[in-house]
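Everything below concerns the one structure shown next.
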Amino acid sequence: MEMHQIRYFLMVSKTLNFTRAAEQCHVAQPSLTRAIKKLEDELGGELFRREGRRTHLTDLGNAMLPLLTQSYEFAKAAKEQAESHGKSETGQLRLGLAEGVDIRILMPAMNEIGRTLPELEFQVIRGTASDIERSLEDGQIEVAITASEAQGWERINHWLLFSEEFHVAINSDHRLASKSEFKLNDFSDQSVLKCKYCEYSKAFPMLLNDQDISTGAIHEVTSVPDLEIMLAANFGLGIVPESMELGETGVVKLPIEDAGLKRSLELLAVAGRQYSRPAALLIGLLRATDWSSPEA
């Protein structure tokens, strides 16, 4: 069943005259008649009954009329929306971010794209690094930023943005906040706050264990806002990437002199996949950015 067949059927239903219907559709009457006959063959019965110069819908024709009308309107609307999308470049840019990536480092590029494509809608999707990579493979997102060191699907392009160290986040009223140098031994007997999905989640406790450093309780949170609130309440010492900006007042970051904990943030996209214009713009802007000072 083709759309022109449905269009001819609807016009004959409206005019109840094959000649006038052909004129309205700008086709020769034999072509319209053949298309209607082919449609009748597909549907298994006559759609019209001719009685001299009069044409009537059959019972099958009356039954098909609302269904084919709806199908034609849906298809027409879909085509118009697709054409509008191509002309105005509206739509969505689906961006995947691993949990530990601070979106503020991406705002200059996102603002620039927003000025270029003012009708564009960003859809930011959070998840673990593995979740984000799976979404990228499945086509649910177009571009991703993660700090995963795992090399998964070979068709994913990895572009290094920058590498950074982890810092200790601490309430400014904490007795250790005034130290000029913060070292691993300073975590002794201190409560520690860690994000479940961050890259250091397993590495940091192992590092402390290797150094025979015993901490107090190690609390686990699943979101950065929860971490910030607990830091503001002086509930423990947090471990955060250097680029992460902490919104809660009274919380400071200090480098850990002897930790050696680092991560590398990477831009990910599927090799060989045709990118939308917004995705291509974002990839280009992020790769051209000077990341020597990536603080959010």
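Just so it is clear, none of the values below were taken in a lab; they were calculated from the coordinates. Keep in mind that this is a model prediction, so the values were computed, not measured. Positions of Cβ are backbone-derived with ideal geometry, glycine not excepted, and every protein chain shown enters the neighbour counts.
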| For the chain, what relative contact order do you get, as a whole percent, if you take Cα pairs closer than 8 Å and at least 6 residues apart? | 21
| said: If I model a spin label as a point 7 Å beyond the Cα along the Cα-Cβ vector, how far apart are those points for Asn209 and Ala271 in nm? | reply: 3.6
| said: No partner Cβ under 4.7 angstrom, meaning no disulfide-compatible partner by this rule: which Cys of the chain qualify? | reply: Cys25
| remark: Taking Cα atoms only, helix 107-116 is inclined relative to the longest principal axis of the chain by an angle, in degrees rounded to 10, of 30
| Beta bridge orientation in the chain: antiparallel %, DSSP, nearest 5 | 60
| field | Diffusion coefficient, µm² s⁻¹, Stokes-Einstein with Kirkwood Rh over alpha-carbon pairs of the chain at 37 °C and 0.692 mPa s | value | 136
| Cα convex hull of region 165-261 - mean projected area over all directions, nm² | 5.3
| Where a label projected 7 Å from the Cα of Glu51 along Cα→Cβ would reach, residues of region 1-33 with amide N under 18 Å | 13-18
| For region 165-261, what's the relative contact order in percent, using C-alpha pairs closer than 8 Å and at least 6 residues apart? | 51
| Within region 183-215, backbone nitrogen closer than 17 Å to the virtual label 7 Å beyond the Cα of Asn234 toward Cβ | 190-193
| remark: Within region 93-108, the residues whose backbone N lies under 17 Å from a label point placed 7 Å from the Cα of Gln140 along the Cα-to-Cβ direction are 93-100
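Just the number: Rg to Rh for region 3-88, Cα atoms, Kirkwood Rh, two decimals. Each step should come with its number before you reach the end.
On the way: Rg = 14.1 Å, Rh = 13.6 Å.
Here Rg/Rh amounts to 1.04.
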| message | Below 8 Å, C-alpha to C-alpha, sequence gap of six or more: please give me the relative contact order for region 3-88 in percent. | response | 27
| request: Tell me which residues come under 5 Å, amide H to amide H, from Ile218 once H is placed; ignore anything under 5 positions away on its chain. | output: Val192
| Placed amide H near Phe48: partners under 5 Å, 5+ positions off or other chain | Thr58
